[in-house]
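Trainee: If you scroll down you'll find the structure; I have some questions about it.
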Amino acid sequence: MSRTLAAVTAILLGAMAAIGSADAAPRAKPDQIRYKYVRPTDPSHQAIYDQIKQGRALELLQQLLSPLRLPHPLTLKVASCDGVPDAWYGNEVVTLCYELLAEILKNATTRDLPAGVSKADTILGPAFDVFLHETGHAVFDMLQIPVLGREEDAADQFSAYVMLRLSKAEARRMILGAAYLRAKELPEPEPLSSRDKFSDEHSMPAQRAFNVLCIAYGADKKLFADIVANDILPKQRAETCEIDYDDLTFAMTALIGPHIDKISARKFHEVWTRTVSARRTRLNRQ
Ligand SMILES: [Zn+2]
């Protein structure tokens, strides 16, 4: 299955023509992503601030998401959150807390993992996954996208789908890195009872890990063959992953496709390769 951006763009544009929705959001335009590095209030987060600023993490996300045609600017922000490791979307701003980035760094693997997952993958994958998940919420809200099922699951799927648009090697690293952290089940700020966990609006961390792996396997059975062969994703679940991915592709193509700008989407791979590959090399050296 082709993972090239050209193919994806063609599909998205085809969908746009097919449903005649070019005027779905007449005031929307591309290049609506803004960003803000707010200085941390906790001095122990200064190093994270320096690293992400130097690594131009938000500029990269801005470029990655710039093809989205939005009716208003969407700001991506990193900020201090009074000690709470969180991330959220509200009022056209995505906020990711330094506290959550600190958790991601603390839980990154210190050695390369069997599936070829490096330390950098277990930092970049989860960090981008959180931003893309929150961007999913932003997109559903700003473009008034109908969501069937739980919005938290839909936001996870939005993130997985965007990560799978990267080159094969990058997509694999991002997906496995994101799944690694989910599977680790980060401790909650306050211990939750089973009742609280089961009634939460999010699926449980392990379910979120299996779901993203399933979407990835459904997208490319060759690229992710080892996660089933090595029983990371159970065979029984793997049987339906292609259907899950097809459903997701149909939804993304029909609902988000009309809001993708073809011209700015063309720059996507070049930017990604140049900046993320350099960043990954630096992170793995640390
Ligand atoms: Zn969410």
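The values are calculated or read from the model by the stated rules, or taken from the named source; none is laboratory data. This is a predicted model, so every value here is computed, not measured. Cβ coordinates were reconstructed from backbone atoms using ideal geometry, including for glycine residues, and neighbour counts include every protein chain displayed. Ligands, DNA and RNA are excluded from the accessible area calculation, which covers all protein heavy atoms including side chains. Shrake-Rupley method; radii C 1.70, N 1.55, O 1.52, S 1.80 Å.
Trainee: If I ask for residues that are free of Cβ contacts under 8 Å to residues at least 60 places away in the same chain and open to solvent by less than 30 Å² (accessible area, probe 1.4 Å), which ones from segment 163-187 would you list? Outline the logic, then answer.
Mentor: Taking segment 163-187 as the starting set, the residues that turn out to be free of Cβ contacts under 8 Å to residues at least 60 places away in the same chain are 163, 169, 172, 174-175, 178-179, 182-183, 185, 187.
The answer is Met163, Met174, Ile175, Ala178, Ala179.
Trainee: Among helices (runs of 4 or more DSSP H) lying entirely in segment 116-192, which contain 3 or more residues that are closer than 17 Å to Leu76 by Cβ?
Mentor: Values: elements: 121-142, 151-163, 168-184.
The qualifying helices (runs of 4 or more DSSP H) are 121-142, 151-163.
Trainee: Need the failing condition index for Ile33 against (1) crowded, with 16+ Cβ neighbours inside 10 Å; (2) farther than 27 Å from Arg266 by Cβ, just the number.
Mentor: In the conditions (1) crowded, with 16+ Cβ neighbours inside 10 Å; (2) farther than 27 Å from Arg266 by Cβ, Ile33 misses (2) alone.
Trainee: Next question. Looking at segment 104-119, is at least one residue away from the ligand (no atom under 12 Å from the Cβ) and on the phi > 0 side of the Ramachandran plot?
Mentor: To start, the set of residues in segment 104-119 that are away from the ligand (no atom under 12 Å from the Cβ) comprises 104-119.
Then drop every residue that is not on the phi > 0 side of the Ramachandran plot, which leaves 116.
Taking every residue of segment 104-119 in turn, at least one turns out to be away from the ligand (no atom under 12 Å from the Cβ) and on the phi > 0 side of the Ramachandran plot.
Trainee: Considering segment 93-142 alone, what residues qualify as being closer than 28 Å to Asp231 by Cβ and of a type in the set (A, V, I, L, M, F, W, C)?
Mentor: Within segment 93-142, Ile104, Ala108, Leu113, Ala115, Val117, Ala120, Ile123, Leu124, Ala127, Phe128, Val130, Leu132 meet the criteria.
Trainee: Also: Say whether the condition of being among the basic types (Lys, Arg) and within 16 Å of the ligand (Cβ to nearest atom) is met by at least one residue in segment 135-157. Can you show your working first?
Mentor: Just the residues of segment 135-157 that are among the basic types (Lys, Arg), to begin with: 150.
If we keep only those that are within 16 Å of the ligand (Cβ to nearest atom) as well, we get 150.
Yes; the residues of segment 135-157 include at least one that is among the basic types (Lys, Arg) and within 16 Å of the ligand (Cβ to nearest atom).
Trainee: If you scan segment 210-252, which residues turn out to be under 18 Å from Arg182 (Cα atoms), open to solvent by less than 50 Å² (accessible area, probe 1.4 Å) and part of a loop (DSSP other than H, G, I, E, B)?
Mentor: Selection gives Phe224, Leu233.
Trainee: Which residues, taken from segment 50-101, are farther than 26 Å from Ser167 by Cα, over 18 Å from the mean Cα position of the chain (by Cα) and surrounded by fewer than 20 Cβ atoms within 10 Å (Cβ to Cβ)?
Mentor: Asp50, Pro71, His72, Pro73, Ala79, Ser80, Cys81, Asp82, Gly83, Val84, Asn91
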